[in-house]
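Trainee: Sharing a structure here in structure tokens format.
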Amino acid sequence: MASQLLLPPNPFTKSAFTGDYQGNGFRLRANSGLRSTNRNQSSSFVEIPNQWYNLVADLSVKPPPPLHPKTFEPIKPEDLSHLFPNELIKQEATLEKFIDIPEEVLEIYKLWRPTPLIRAKRLEKLLQTPARIYFKYEGGSPAGSHKPNTAVPQAYYNAKEGVKNVVTETGAGQWGSSLAFASSLFGLDCEVWQVANSYHQKPYRRLMMQTWGAKVHPSPSDLTEAGRRILQLDPSSPGSLGIAISEAVEVAARNEDTKYCLGSVLNHVLLHQTVIGEECIKQMEAFGETPDVIIGCTGGGSNFAGLSFPFIREKLKGKINPVIRAVEPSACPSLTKGVYAYDFGDTAGLTPLMKMHTLGHDFIPDPIHAGGLRYHGMAPLISHVYELGFMEAISIPQIECFRGAIQFARTEGIIPAPEPTHAIAATIREALRCKETGEAKVILMAMCGHGHFDLPSYDKYLRGEMVDLSFSEENRRESLSKVPHVV
């Protein structure tokens, strides 16, 4: 069933109007987060959370610490001071349960938060499933994704400490455009290394960054030693997030007035994203619903963590017991095919060693359309939670993902970015299983951004030219052989 492309009826035919044509009924947000026009659904005004949630505080088994790449000893705060402002270093290691969100950050959040929780009633009808499908939609931010949730506080803390320039990497461009946006608000100069494959695939993301004042380079580039080394080995390299991270970190390390910003993976990034889940818990309560399954895509893991971590807190309290499922691309399956080991966060080996699920730091994934998921590793905190058994993971090839995206777009009206199509495909699988079993499960899905700048990918799919790129076991074994041996 998962391979069938089901399409909705013509909206101008009589059959399309049977039942409640309002369907979702509560897309309006204003500054309320959720508003219902359907008498069978709850109406509520949800406030923006004023604190971020730190899952580490609630874990009885704490995650392994990052290690210095030369000494293999636990990283000290001063070891990170050349890369990050002091407040973000504190947040990276804090054991506090909640961190206050600065008022200046909250004021900017109000541009798009709270974000809507939407019931996908038309998709349910198309699939003929008894399941109830909800999605938390982050595509209404200025950059069109969840990434400004952390870009804004990162820019704020850097500006507060007198930093003049920030550098970063980006894959599909959602993170780069988010940091460019945030930097423009705080008067920071922003420089971005975008994975070459996405740089050429997604020119409008590059233009978006440039509109907000950022300088953008394809990665690998000849501007850094790390980039030149890769180009010498492969002049036509498609690049990877690991390579782009190496270039940005190299530039930050050699310039005292420059700091590095990361859009995923690290604890403080995941911390900032928990505004998603904190809002969503209140919204689900307003609907009188408890999720049975929570699904999100994973590359580095920030979107997934943002939605799931507050629900894991409630799970640890024994209040709920949902299945929490990460979905990754079959061409870059760090959770399902990687090893749990200390490895570098970048290709050149400039970052601290982090214990995470990794395919090897010099693993270069095939150039799938979900550029934001082409990362060799997984966030250490997500990896730790996975090892503790609080979540599960699957991988899905891109054709099935885009098939689901078309179904979603033609029922719910939103064209998804390639990254959350993985969550959509997994949600459709779960909904069709409910159709077979008769279970009326509540499925909650993370819909982290729109695909308005990804239409060439849809063009490939609609023309029948998209292929499922392979995952090379040989490349994985070779890459894993270079993972540092930490006793």
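Trainee: Need one word for region 268-402: rounded, prolate or oblate. Basis is the Cα gyration tensor (sqrt eigenvalues a ≥ b ≥ c); a/c below 1.5 gives rounded, then a/b vs b/c decides.
Mentor: Values: a/c = 2.11, a/b = 1.62, b/c = 1.31.
It comes out prolate by the Cα gyration axes.
Trainee: Give me the number: length gained by fully extending Arg477 to Glu439, i.e. 0.36 nm times residue separation minus the C-alpha to C-alpha distance, one decimal in nm.
Mentor: 9.6 nm
Trainee: Is the C-alpha gyration tensor of region 74-166 telling us rounded, prolate or oblate? Criteria: a/c under 1.5 is rounded; beyond that, a/b larger than b/c is prolate, otherwise oblate. Please list the in-between numbers first.
Mentor: Working: a/c = 3.10, a/b = 2.21, b/c = 1.40.
Prolate is the answer for region 74-166, as a/c is 1.5 or above and a/b outweighs b/c.
Trainee: Separate question: What is the packing order of peptides 427-436, 316-325, 261-270, taking the mean over residues of other C-beta atoms within 10 Å and listing the highest first?
Mentor: Details: 427-436: 20.5, 316-325: 15.1, 261-270: 26.2.
The densest-packed peptide leads the list: 261-270, 427-436, 316-325.
Trainee: How charged is the neighbourhood of Leu353? Take every other residue with its Cβ under 12 Å from the Cβ of Leu353, and add Lys/Arg as +1 and Asp/Glu as -1.
Mentor: Numbers: positive: Lys70, Lys355; negative: Glu73, Asp79, Asp343, Asp346.
Surrounding charge for Leu353 is -2.
Trainee: Heavy-atom accessible area of Trp193 with all protein chains present, probe 1.4 Å, nearest 10 Å²?
Mentor: 0 Å²
Trainee: Right, here's the next one. Rounded to the nearest 5, what is the percent of antiparallel bridges among the DSSP beta bridges in the chain? Walk me through the numbers before you get to the answer.
Mentor: Values: 17 of 50 bridges.
Close to 35 percent.
Trainee: Once the piece of chain linking Lys160 and Leu462 is laid out straight, how much longer is it, given 0.36 nm per residue of separation minus the C-alpha distance between them? The partial results should precede the final answer.
Mentor: Working: separation 302, 0.36 × 302 = 108.72 nm, distance 4.72 nm.
Here the segment from Lys160 to Leu462 would lengthen by 104.0 nm.
Trainee: Once the dipole of the chain is set up with Lys and Arg at +1 and Asp and Glu at -1 on Cβ about the Cα centre, which of Met356, Phe84, Ala409 lies farthest towards its positive end?
Mentor: So the residue furthest toward the plus end is Ala409.
Trainee: Sticking with this one: Assuming 0.890 mPa s and 25 °C, estimate D for the chain with Stokes-Einstein, Rh taken as the Kirkwood radius over Cα pairs, in µm²/s. Write down the numbers at each step before the final one.
Mentor: Numbers: Rh = 22.4 Å.
Value of D from the Cα-based Kirkwood radius: 110 µm²/s.
Trainee: What size of dipole, in debye to the nearest 20, comes out for region 108-233 about its Cα centre when the only charges are +1 on Lys and Arg C-beta atoms and -1 on Asp and Glu C-beta atoms? List each step's numbers first, then the result.
Mentor: Numbers: 17 positive and 8 negative charges, 150 e Å.
Roughly 720 debye, rounded to the nearest 20.
Trainee: Still on this structure: Fully extended, how many nm does the chain gain between Leu316 and Thr211 (0.36 nm per residue separation, minus their Cα-Cα distance)? Working shown, then result.
Mentor: Values: separation 105, 0.36 × 105 = 37.80 nm, distance 4.41 nm.
Difference between extended and current length: 33.4 nm.
Trainee: Right, next: Sort 376-389, 277-290 by packing, meaning the average of other beta carbons within 10 Å per residue, with the highest value first.
Mentor: On the way: 376-389: 23.0, 277-290: 19.8.
Ranking, from highest mean packing down: 376-389, 277-290.
Trainee: I need to check one value: relative contact order of the chain, counting alpha carbon pairs closer than 8 Å and at least 6 residues apart, in percent. Numbers along the way, then the final one.
Mentor: Details: 1078 pairs, mean separation 89.6, N = 487.
Computed over the chain, the figure is 18 percent.
Trainee: How would you order 453-460, 308-315 from highest to lowest mean count of nearby Cβ atoms within 10 Å? It would help to have the intermediate numbers written out before the result.
Mentor: On the way: 453-460: 18.2, 308-315: 23.1.
Output ranking for 453-460, 308-315: 308-315, 453-460.
Trainee: Another question about this same structure. Measuring from label point to label point, each 7 Å out along Cα→Cβ, what is the Glu225 to Val323 span in nm?
Mentor: Result for the modelled spin labels: 4.9 nm.
The values are calculated or read from the model by the stated rules, or taken from the named source; none is laboratory data. Treat the numbers as computed from the prediction; the structure is a model and nothing was measured. Backbone-built Cβ (ideal geometry, glycine too); neighbour counts: all protein chains shown. Calculation scope for accessible area: heavy atoms of the full protein, side chains included, ligands and nucleic acids excluded. Shrake-Rupley method; radii C 1.70, N 1.55, O 1.52, S 1.80 Å.
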